[in-house]
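Comments concern the structure below.
The values are calculated or read from the model by the stated rules, or taken from the named source; none is laboratory data. Small disclaimer: the values here were computed from a predicted structure and weren't measured. Cβ placement follows ideal geometry from the backbone for every residue including glycine, while neighbour counts extend to all protein chains displayed.
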Amino acid sequence: MCGIVGIVDAGGASIKLYYSLYALQHRGQESAGISTFDGTNLHKFKGAGLVADVFSPPVLSDLKGDAGIGHVRYPTTGANLPENIQPLNFQFREHSISVAHNGNLVNTAELRSGFEQAGQIFTTTTDTEIIAKILMDEISTFGSVEEAVKVCMQKIRGSYSVVMMIGGIIYAFRDPLGIKPFCIGKTERGYMVASESVAIDALNAKLLRDVHPGELIRIDSEGVKGTRIAVPGKRAHCIFEYVYFARADSIIDGVLVYDVRRRIGQDLFKEDPVKADSVCSVPDSGTAYAIGYAEGSKIPFVESLMKNRYMGRTFIMPSQKEREKAVRIKLNPIPAHLKDKSVVLVDDSIVRGTTSKRIIELMREAGAREIHMRIGSPAIKAPCYLGVDMPTREELIASNREEDEVRHKITATTLRHVSLDSLVEAIGIDREDLCTGCLTGCYPLAIEGERAKTHEIDFIDATYQAKLGSFEEPDPFSF
Ligand code: AMP
């Protein structure tokens, strides 16, 4: 998970980075960091907690310069240690370098032990440091960032959107399968890249397009330039970004997430109509789905669970007991809307089943007669190795249970998940171009002990250039 942003803007970077990270807060609440460059010096600040807690006006005014990168972290690889907070900052020869990454590598251990055998040391346990080490090694060999990124892409396996600042230049690249989202925007006096378009909206900037899978973007004070480093046979955009992770108002790979969720809500009714008094969402993640369900079914949408907006995500509570208690504080049922009612309860996903079970208990205590649970994703069957924090198969309630057994466990009157076909159709991207690992147990790249359907990736060299010509879309930039 995690959110990243990089910007070069003649009006200064730090405040813009702050607001962009604020817009990406849902992608990681554990820590936040910003590095900027003022033409001579690197300035950096990072800490544990939410963006608004880590940064203050004096801190932001010390982060001088027109170029900078930022990160919000939700850990997948690398424990919750202060040294793992990003961006990671390095001094390499006479250059100040700063790197931040969203995603997860699956060959970290192998790469790390290769470096360690060669006597290299690491200061963090993140896969981001491995990426940085490879890049520095290759930049010193080739003297070209393009070549270094190409070799890096050949060596690392997994999901990665990376933003790197060398001096005042921002480099950004996206893995050849395009697993994690990454987009480019035009700010008032410069350009930016960000994990999601909401970060671009936050600056009142203009979304230009997504970073192509396998593309390297370079932003400096002169403008922006894109170079295709690798071209995949197929893409593998993370399906869970559309289901849960991204903000509903983001446009990812050309698709507005809100529309996908609303359409799935309509499909949930079409696939298995039910009679009920009201449709209620589990706020906020289930709301767009519930609105779609209400539209499709003509059953009124009635808010029956009120969310305490000042509480973090319950999922991140460390123990099962704490997670169960936290649901009650986070969501309060409204008995007047529930007493003796038959309710369609809509949420985006069931992972461990803790949340749904507890919510259903609360709604029954508040008097609900029937609770028809509808879920905007198919059952989650397998872990994610590519950047979404999903528990092991043992903890996933549906990994070895049929839908009716899950229904029984969470004590719903009925339970239906949307079909994979409807989900894919709602997204509107070819199924072969989506990563459905958590839903099917089949991954877009080789992972030890798991099934995979991989596709050839072409790394661009001189002979490939001709073929690339027919692949490139018209360049939307006027540079
Ligand atoms: P549970 O079934 O209790 O494990 O929690 C499922 C709820 O957590 C869903 O309603 C989602 O909104 C949310 N959720 C799903 N996946 C994640 C994730 N990877 N990290 C945090 N929250 C999640």
Residue count for segment 395-445, restricted to those that are surrounded by 15 or more Cβ atoms within 10 Å (Cβ to Cβ), in a loop (DSSP other than H, G, I, E, B) and within 16 Å of the ligand (Cβ to nearest atom): 8
Verdict on Phe240 being modelled with pLDDT of 95 or more, in a strand (DSSP E or B) and either within 16 Å of the ligand (Cβ to nearest atom) or touching a helix residue (DSSP H, G or I) at 6+ places or on another chain (Cβ under 6 Å) (or both): no
Test result for Lys180, over 22 Å from Cys2 (Cα atoms) and either in contact (Cβ under 8 Å) with a residue 24 or more places away in the chain or in the same structural domain as Cys384 (by TED's automatic domain parsing) (or both): no
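Just checking, how many residues over segment 64-88 are under 12 Å from Leu21 (Cβ atoms), more than 16 Å from the ligand (Cβ to nearest atom) and of a type in the set (A, V, I, L, M, F, W, C)?
Going through segment 64-88 one residue at a time, the tally reaches 1.
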Count of residues meeting criterion [touching a residue at least 60 places away in the same chain (Cβ under 8 Å) and surrounded by fewer than 21 Cβ atoms within 10 Å (Cβ to Cβ)] in segment 95-146: 5
Filter result (more than 24 Å from the chain's Cα centre (by Cα) and among the hydroxyl-bearing types (Ser, Thr, Tyr)) within segment 82-131: Ser96, Ser113, Thr123
Qualifying residue in segment 287-302 (condition: under 22 Å from the mean Cα position of the chain (by Cα) and either of a type outside the set (Gly, Ala, Ser) or assigned by TED's automatic domain parsing to the domain that holds Ile156 (or both)): yes
Residues satisfying the stated conditions in segment 380-392, i.e. more than 15 Å from Thr355 (Cβ to Cβ) and either free of Cβ contacts under 8 Å to residues at least 12 places away in the same chain or surrounded by 20 or more Cβ atoms within 10 Å (Cβ to Cβ) (or both): Ala382, Pro383, Cys384, Tyr385, Leu386, Gly387, Val388, Thr392
Condition met for Val255 (within 16 Å of the ligand (Cβ to nearest atom) and not assigned by TED's automatic domain parsing to the domain that holds Ser161): no
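Can you work out which of the residues in segment 328-363 that are within 14 Å of the ligand (Cβ to nearest atom) and among the hydroxyl-bearing types (Ser, Thr, Tyr) is nearest to the chain's Cα centre (by Cα)? Walk me through it before giving the result.
Applying the first criterion (within 14 Å of the ligand (Cβ to nearest atom)) to segment 328-363 yields 328, 330-331, 345-362.
If we keep only those that are among the hydroxyl-bearing types (Ser, Thr, Tyr) too, we end up with 349, 354-356.
On the way: Ser349: 15, Thr354: 22, Thr355: 21, Ser356: 23 Å.
Per the criteria, the residue is Ser349.
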Selection from segment 46-95 of residues that are touching a helix residue (DSSP H, G or I) at 6+ places or on another chain (Cβ under 8 Å) and assigned to a strand (DSSP E or B): Lys46, Gly47, Ala48, Gly68, Ile69, Gly70, His71, Val72, Arg73, Leu88, Phe90, Phe92
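Would it be correct to say that Ser197 is among the small types (Gly, Ala, Ser), outside the structural domain of Pro181 (by TED's automatic domain parsing) and modelled with pLDDT of 95 or more?
When the stated conditions are applied, Ser197 does not pass them.
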Number of positions in segment 71-110 that are of a type in the set (Ser, Thr, Tyr) and under 12 Å from Gly387 (Cα atoms): 3
Contacts under 6 angstrom Cβ, first residue in segment 273-284 being at pLDDT 95 or above, partner of a type in the set (Asp, Glu) and not in a loop (DSSP other than H, G, I, E, B), 6 or more apart: Val282/Asp347
Long-range neighbours under 7 Å by Cβ, at least six apart or interchain, first residue more than 18 Å from Glu370 (Cα to Cα) and among the hydroxyl-bearing types (Ser, Thr, Tyr) within segment 338-356, second near the ligand (Cβ under 10 Å from one of its atoms) and in a loop (DSSP other than H, G, I, E, B): Ser349/Gly376; Ser349/Ser377; Ser349/Ile380
Looking only at segment 218-268, and only at residues there that are free of Cβ contacts under 8 Å to residues at least 40 places away in the same chain and touching a Ser or Thr at 6+ places or on another chain (Cβ under 9 Å), the one that is surrounded by the most Cβ atoms within 10 Å (Cβ to Cβ): Val257
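Within segment 24-49, how many residues turn out to be in contact with an Asp or Glu (Cβ under 7 Å, 6 or more places away or on another chain) and under 18 Å from His101 (Cα atoms)?
Counting residues in segment 24-49 that are in contact with an Asp or Glu (Cβ under 7 Å, 6 or more places away or on another chain) and under 18 Å from His101 (Cα atoms) gives 2.
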